[in-house]
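The values are calculated or read from the model by the stated rules, or taken from the named source; none is laboratory data. These numbers come from a predicted model, not from an experiment. Here the Cβ positions follow ideal geometry from the backbone for every residue, glycine too, while neighbour counts run over all protein chains shown.
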Amino acid sequence: MTITDPDARTAATMSGAEITDEALAAWVREIAELTQPDAIHVCDGSQEEYDRLTDELVEAGTFIRLDESRRPRSFLARSEPSDVARVESRTFICSEKEVDAGPTNNWVDPAQMRAELAEVFAGSMRGRTMYVVPFSMGPVGGPISRVGVELTDSPYVVVSMRIMTRMGAEALAQVGRGADWVPAVHSVGMPLVDDDGLRREDVPWPCNDTKYIVHYPETREIWSYGSGYGGNALLGKKAYALRIASVLGRDEGWLAEHMLVLKITGPDGRVYHLAAAFPSACGKTNLAMLRPTIPGWKVETIGDDIAWMRPGEDGRLYAINPEAGFFGVAPGTGEMTNPTAVAALEHDVVFTNVALTDDGDVWWEGLTDEVPAHLTDWQGQAWTPDSGRPAAHPNSRFTVRADQAPSIAPEWEDLGGVPLDVILFGGRRATNVPLVAESFDWEHGVFIGATVSSEQTAAAEGAVGALRRDPFAMLPFCGYNMADYWGHWLAMGERLGSHAPRIFQVNWFRKGADGSYLWPGFGDNARVLEWALRRVNGEVDAVEAPTGRLPRPQDLNLEGLELTDEQLEALFAVDRASWLAEADLTEEYFAQFGDRLPAEMTRQLDQLRARLG
Ligand code: GTP
Ligand code: SPV
Ligand code: MN
């Protein structure tokens, strides 16, 4: 071990891989001095290490090993009931100037935040092991890829990071070769030794009622405290690959987006790539794994949550999936809706907050039509269909390697990414927003993205169902001023020119008067993709509506669907009065950005109003 230092004030024992990079070694030492763990383990990412950690997690009661014959090498974790989702109210962008975080982010002066964090992290790892987790977002060494190092006292996080990122020795070697790396510190905030040296028993899911998810965009640092939940604790994901990376993208001329990426092949063998931004729990994983119900089309998965995109030498926009796994919503995932995900989940999965069957397997609402007569629910309580509460938490999740999806595209790890033909913006809207509309041009597409509203889901704390603005599905993930971000998108459009992907708005969630979904969704969403690609190819005309271009009735393939004319009409209805009211709300929404709002956004709003008449 090269980081043992006679001067170090940490008595922690060391194990694992060797750190050769001086700066990394010094930082590990510094954080160990602050947090005072009993031991430090530098992760090599090996199977052996993973197996040892999962054994320890079973031993500690954090993991329940599932029945080996039903779900090989898979585990169930039950979190504390208070630690089940992202905590947006405790997520901070600590830029030097408040205006650079913008009105949509929580901001605290970085000096003040550093002082606060120094207090909460002091001794926070006592009695625990601090894991050094080197990881690469994107294939190791790729031109678009980036490395980071997370220090965490949670073995659940280590195990999850090995599934979700390229974690271990190779990423560590990148740091050794001098690659820029982002430091990320995570503690569950439950030391096992108190100030008087008294030891306490650990609990299956350690966490703290006080939580901090902190980003320093200028110095590219991440600090997370008090939560073990995915989006709060797996710091390569939302914290790095979106909040910090969006700032890197702004500064370096690329884009970090909350988008799935898929490859789609038409009946004539032509290949296209599509990216789509939908807010949390609004259908990205499902669309990325779509099994088309229309003949001749094939969808393959590149990524299901995050895309890093930059212009290539040919002027087109190329996208990579920086992740290596899926952290997907379990409820609603079933043989009828997402058979690809069901197949991906056959083995080597970590489930969190789903229900346990009596024979040692997992279940959640929507997995099967038939509801088991008896289960153990996500909180460990006996459950029957009469219990009157869901068996799985609405934000229960699976964590699985991406290459376990039978739909994974052969190009999913291509270092340079895939060229995008289409970008979709969507949300969960019971009213107003049509099934699909094409933007008039890039600028209008940016306006559509900037004004997306969506009903809130269980993926974050807050009232489920409440309508809120979620521009580009990035409201919780943009690491800088949202208005500047729109300006960056406009600038990217200028740079891409005629090579820019075409932008469409979609809404799978419109409801009829009886409150049921008008559109069957899932595999039938391929019908919408087909229309979009036919538009890209110039094969079909469209109907001009005030909010965008709609399909002519004859151009959307509805064969085999049981849709009445009234339902179809309701799916595409553009109600002028509601849209004018929405335009007023957009004006109010834009006002908070003051002079940071690009003039183009105001121009787009004026034009929308003019078209609405
Ligand atoms: P995050 O991982 O939180 O970013 O979510 P996501 O955008 O990947 O959403 P996901 O695909 O996991 O879907 C969330 C929920 O929406 C699940 O319960 C799905 O079953 C449901 N869903 C997805 N696509 C459709 C659709 O086309 N129609 C309907 N009605 N529901 C859908
Ligand atoms: C989301 O909430 O958008 C997710 C899950 O993809 S998390 O990783 O928790 O952010
Ligand atoms: Mn997401």
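Here's the yes/no breakdown for (1) surrounded by 20 or more Cβ atoms within 10 Å (Cβ to Cβ); (2) part of a loop (DSSP other than H, G, I, E, B); (3) at pLDDT 95 or above:
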residue: A513; (1), (2), (3): no, yes, no
residue: W531; (1), (2), (3): yes, no, yes
residue: R534; (1), (2), (3): no, no, yes
residue: V543; (1), (2), (3): no, no, yes
residue: G560; (1), (2), (3): no, yes, yes
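So is R510 in contact (Cβ under 8 Å) with a residue 40 or more places away in the chain, within 23 Å of G445 (Cβ to Cβ) and assigned by the TED database to the domain that holds S454 or not?
The answer is yes for R510.
Go through (1) within 30 Å of L550 (Cα to Cα); (2) crowded, with 23+ Cβ neighbours inside 10 Å one by one and return the number of the condition N432 breaks.
Failed condition: (2).
Going through A545, A583 one at a time, which residue ends up being free of Cβ contacts under 8 Å to residues at least 40 places away in the same chain and either under 20 Å from V433 (Cβ atoms) or of a type in the set (A, V, I, L, M, F, W, C) (or both)?
The match here is A583.
Search the range 80-116 for residues being part of a helix (DSSP H, G or I) and without any contact (Cβ under 8 Å) to a residue 40 or more places away in the chain, and hand back the single one that is nearest to ligand 3 (Cβ to nearest atom).
Of everything passing the filter in the range 80-116, E98 is nearest to ligand 3 (Cβ to nearest atom).
When you go through G226, G236, G231, G303 one by one, which is the residue that is surrounded by 24 or more Cβ atoms within 10 Å (Cβ to Cβ), closer than 19 Å to M161 by Cβ and away from ligand 2 (no atom under 12 Å from the Cβ)?
It is G226.
Quick check: is even one residue across the range 326-346 surrounded by fewer than 21 Cβ atoms within 10 Å (Cβ to Cβ), more than 16 Å from ligand 2 (Cβ to nearest atom) and of a type in the set (V, I, T)?
Yes, that holds for at least one residue.
Which one is farthest from ligand 1 (Cβ to nearest atom) among residues in the range 262-311 that are among the aliphatic types (A, V, I, L, M) and under 19 Å from R243 (Cα atoms)?
Out of the qualifying residues, it is M309.
Restricted to the range 389-412, and to residues that are closer than 27 Å to G61 by Cα and in a loop (DSSP other than H, G, I, E, B), which residue is farthest from ligand 1 (Cβ to nearest atom)?
Checking each candidate, the answer is R389.
Look at M190 and say whether it is of a type in the set (A, V, I, L, M), in contact with a Cys (Cβ under 8 Å, 6 or more places away or on another chain) and over 19 Å from G45 (Cβ atoms).
Yes.
State which residue pairs qualify: first residue on the phi > 0 side of the Ramachandran plot and inside the range 138-155, second residue among the acidic types (D, E) in any location, beta carbons under 9 Å apart, and separation of 6 or more residues or different chains.
G138/E323; G138/E413; G141/E170
For the range 327-336, indicate whether the set of residues that are more than 9 Å from ligand 1 (Cβ to nearest atom) and not basic (K, R) is non-empty.
Yes.
Scanning the range 306-322 for residues that are outside any loop (DSSP other than H, G, I, E, B) and more than 12 Å from ligand 3 (Cβ to nearest atom), which turns out surrounded by the most Cβ atoms within 10 Å (Cβ to Cβ)?
My answer is W308.
Limited to the range 75-104, what total is found for residues that are over 30 Å from A60 (Cβ atoms) and hydrophobic (A, V, I, L, M, F, W, C)?
Count: 5.
Can you tell me which of R603, R609 is in a helix (DSSP H, G or I), touching a helix residue (DSSP H, G or I) at 6+ places or on another chain (Cβ under 6 Å) and within 19 Å of V452 (Cα to Cα)?
Just a single option satisfies the conditions, and that option is R609.
Condition check ((1) basic (K, R); (2) out of contact with any Lys or Arg (no Cβ under 8 Å at 6 or more places or on another chain)) across all residues:
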| site | (1), (2) |
| --- | --- |
| M474 | no, yes |
| G479 | no, no |
| M482 | no, yes |
| W486 | no, yes |
| A491 | no, yes |
| L496 | no, no |
| R502 | yes, no |
| P520 | no, yes |
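Restricted to the range 588-600, and to residues that are in a helix (DSSP H, G or I) and not small (G, A, S), which residue is farthest from P103 (Cα to Cα)?
Ranking the qualifying residues of the range 588-600, first place goes to E600.
Looking only at the range 45-89, how many residues end up being surrounded by fewer than 19 Cβ atoms within 10 Å (Cβ to Cβ) and away from ligand 2 (no atom under 16 Å from the Cβ)?
19
How many residues are in contact with a His (Cβ under 9 Å, 6 or more places away or on another chain), part of a strand (DSSP E or B) and within 23 Å of A458 (Cβ to Cβ) if we restrict to the range 220-275?
2
Is it the case that the range 355-362 has a residue that's assigned to a loop (DSSP other than H, G, I, E, B) and hydrophobic (A, V, I, L, M, F, W, C)?
No: zero hits.
Looking only at the range 461-498, count how many residues are under 20 Å from A276 (Cα atoms), within 16 Å of ligand 1 (Cβ to nearest atom) and surrounded by fewer than 23 Cβ atoms within 10 Å (Cβ to Cβ).
Matching residues across the range 461-498 total 3.
For W531, all conditions in the list (1) away from ligand 1 (no atom under 13 Å from the Cβ); (2) closer than 18 Å to G427 by Cβ; (3) not acidic (D, E) hold save one; what is the number of the exception?
Result: W531 fails condition (2) only.
Could you tell me which of the residues L585, L550 is under 31 Å from the mean Cα position of the chain (by Cα) and not in a helix (DSSP H, G or I)?
L550
Could you look through the range 323-382, keep only residues that are hydroxyl-bearing (S, T, Y) and within 16 Å of ligand 3 (Cβ to nearest atom), and pick out the one that is nearest to R146 (Cα to Cα)?
Result: T352.
Can you confirm whether the range 192-214 contains a residue that is closer than 30 Å to P501 by Cα and not in a strand (DSSP E or B)?
No, because not a single residue in the range 192-214 is closer than 30 Å to P501 by Cα and not in a strand (DSSP E or B).
What's the number of the only condition in (1) within 20 Å of G236 (Cα to Cα); (2) outside the structural domain of L475 (by the TED database) that E365 fails to meet?
With (1) within 20 Å of G236 (Cα to Cα); (2) outside the structural domain of L475 (by the TED database) applied to E365, the lone miss is (1).
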